[in-house]
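Worksheet: one structure, shown below.
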Amino acid sequence: MTDSGYPSAHPAPPGCPAHADAVRLGGLEYQQTPSQLYRALRRDYGPVAPVLLDGDIPAWLVLGYSEVTYVTSHDDLFARDSRRWNQWENIPGDWPLLPYVGYQPSVLFTEGEEHRQRAGVITQALEGVDQFELSYDCREIADDLIARFAGSGQAELMAEFAHALPMRAAVQMCGMPTSGDDTRQLVDDLRASLDAGEGDDPVAAYGRVGERLRQLVKDKRAAPGPDVTSRMLTDQAGLTDEEIVQDLISVIAAAQQPTANWICNTLRLLLTDERFAVNVSGGRLSVGEALNEVLWLDTPTQNFIGRWAVRDVQLGGRQIKAGDCLVLGLAAANTDPQIWPEGHVGAENAAHLSFSNGEHRCPYPAPLLADVMARTAVETLLERLPDLVLAVEPEELSWRPSIWMRGLTALPVRFTPVMQ
């Protein structure tokens with residue numbers, strides 16, 4: 001550690017594309033306030049910083065708004081097929097980030113026409129979701145969850161509400177039961193594979209997710225219904241069952257964990273920021289502003305791995321070698337002082353990169369459906385429990401120790417008990 005509290009520089013391993021003073025992206029030192037780390041990296045390195053991932057694997061962290069936009073707009077230079085990576089010989093079989101970067105026959109790793117076809121299948125399937133019906137379903141789910149703790153006058157909203165609501169909504173959209181051991185295990189495994197905590201085995205968890213969804217695809221082949229999975233199966237593109245399984249993993253993972261953190265981060269903002277305190281109760285405009293501000297300042301997906309350089313190229317003053325890995329610093333880009341020169345983020349606009357950018361951004365209409373889930377969850381909770389307040393001091397709230405996802409470990413609240 002340095003005197004400033006940021007991770008110390010570490011010598012890079014042989015063959016590292018980064019400089020010898022690359023910063024290790026790991027540990028607990030900065031994870032409560034990652035924005036301070038991003039400012040320090042931008043100050044010391046500019047818009048593209050040399051970093052070390054788990055196991056001191058070298059990569060580049062793209063911090064600048066313009067640079068992230070450039071990378072995501074130029075698939076010919078920075079592609080998604082991770083088999084290009086020049087570090088595979090150094091990656092152990094139990095590397096914790098393998099669920100992110102290990103090549104799968106998934107829409108996430110496809111390129112060119114194949115990607116456009118696969119993303120088109122997801123888009124068509126999601127367009128079949130009626131947003132008014134989804135809002136109604138989310139309100140019913142919210143009412144059911146709130147009823148479980150409303151009489152006690154206290155709750156831990158992260159586990160009891162924010163995570164549970166998008167989980168039930170996502171699996172319902174895909175044609176799975178909204179409750180039961182299988183569904184709970186699926187959600188636990190998704191969390192472990194995408195945001196592993198101490199004691200988790202992300203590689204094994206990812207394998208279990210695939211097995212559960214293979215069974216779902218098999219069931220829907222036999223008996224299709226009005227759901228996302230069935231629409232993907234009957235799409236004229238004719239994807240294989242395994243391709244659909246892999247793409248369903250992407251759909252459900254994107255709908256559940258990021259949306260849960262979006263809900264909880266928004267509730268934290270509403271309950272701790274005096275700008276919203278006067279107008280929160282029943283104030284739809286305030287909820288909308290809070291949701292959008294969170295996407296700028298506390299976006300659920302902080303960093304995304306990754307892109308791989310197709311050939312040697314310059315980016316942000318750095319020489320990127322063919323096969324180098326680039327991590328998209330979405331949170332850092334959203335607060336880039338080059339786009340907010342006065343230091344004030346204008347949360348009223350929606351030009352953030354929280355859903356990424358370019359052909360590999362979240363496929364339309366996924367962001368709209370996530371907004372329906374998050375907005376309905378927050379509004380319903382505030383309508384049902386209008387005197388909701390934090391049960392701890394704001395500074396006592398802690399963030400999960402992850403450089404990838406931005407979410408609280410817990411959000412304890414209290415309120416006047418409501419008898420159902």
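The values are calculated or read from the model by the stated rules, or taken from the named source; none is laboratory data. If you're wondering where the values come from, they're calculated on a predicted model, not measured in any experiment. All Cβ positions, even for glycine, are placed from backbone atoms using ideal geometry, and neighbour counts span all protein chains on display. Keep in mind that these areas ignore ligands, DNA and RNA; they rest on the heavy atoms of the full protein, side chains included. Shrake-Rupley method; radii C 1.70, N 1.55, O 1.52, S 1.80 Å.
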For the stretch 327-347, indicate whether the set of residues that are touching a Cys at 6+ places or on another chain (Cβ under 7 Å), under 30 Å from PRO58 (Cβ atoms), open to solvent by less than 20 Å² (accessible area, probe 1.4 Å) and modelled with pLDDT of 95 or more is non-empty.
no
Looking at the stretch 61-83, can you tell me whether even one residue there is at pLDDT below 95, within 21 Å of the chain's Cα centre (by Cα) and part of a helix (DSSP H, G or I)?
no
THR178: of a type in the set (Val, Ile, Thr) and open to solvent by less than 10 Å² (accessible area, probe 1.4 Å), yes or no?
no
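So that you can scan it fast, the table gives a plain yes or no per residue for (1) touching a Phe, Trp or Tyr at 6+ places or on another chain (Cβ under 8 Å); (2) of a type outside the set (Ser, Thr, Tyr):
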{"site": "PRO337", "(1), (2)": "no, yes"}
{"site": "LEU353", "(1), (2)": "yes, yes"}
{"site": "ASN357", "(1), (2)": "no, yes"}
{"site": "ALA370", "(1), (2)": "yes, yes"}
{"site": "THR380", "(1), (2)": "no, no"}
{"site": "PRO394", "(1), (2)": "no, yes"}
{"site": "PRO412", "(1), (2)": "no, yes"}
Go through the stretch 33-61 and report how many residues are under 17 Å from GLN87 (Cβ atoms) and either open to solvent by 10 Å² or more (accessible area, probe 1.4 Å) or of a type in the set (Val, Ile, Thr) (or both).
5
Right, SER66: surrounded by fewer than 16 Cβ atoms within 10 Å (Cβ to Cβ) and more than 18 Å from VAL209 (Cβ to Cβ) or not?
yes
Sole miss for SER286 among (1) in contact (Cβ under 8 Å) with a residue 24 or more places away in the chain; (2) buried (at least 17 other Cβ atoms within 10 Å of the Cβ) is condition (1)
Across the stretch 377-420, the tally of residues that are open to solvent by less than 20 Å² (accessible area, probe 1.4 Å) and polar (S, T, N, Q) stands at 2
Counted residues in the stretch 237-248 being open to solvent by 10 Å² or more (accessible area, probe 1.4 Å) and in a helix (DSSP H, G or I) come to 3
Please name all residue pairs, on different chains or six or more residues apart, with Cβ atoms under 8 Å, provided the first residue is in the stretch 322-336 and is closer than 17 Å to ASP76 by Cβ and the second residue is part of a loop (DSSP other than H, G, I, E, B) and of a type in the set (D, E, K, R).
ALA322/ARG311; ALA322/ASP312
Got a sec? Which of ASP81, ASP94 is closer than 28 Å to ASP189 by Cβ, open to solvent by 70 Å² or more (accessible area, probe 1.4 Å), touching a residue at least 60 places away in the same chain (Cβ under 8 Å) and not small (Gly, Ala, Ser)?
ASP94
Is there a residue in the stretch 224-236 that is open to solvent by less than 20 Å² (accessible area, probe 1.4 Å), at pLDDT below 95 and either at positive phi or in a helix (DSSP H, G or I) (or both)?
no
Filtering the stretch 304-325 down to residues that are buried (at least 23 other Cβ atoms within 10 Å of the Cβ) and at pLDDT below 95 yields GLY306
Taking only pairs six or more apart or across chains, which ones have beta-carbon atoms under 6 Å, a first residue in the stretch 392-403 that is among the hydroxyl-bearing types (Ser, Thr, Tyr), and a second residue that is open to solvent by 40 Å² or more (accessible area, probe 1.4 Å)?
SER398/THR409
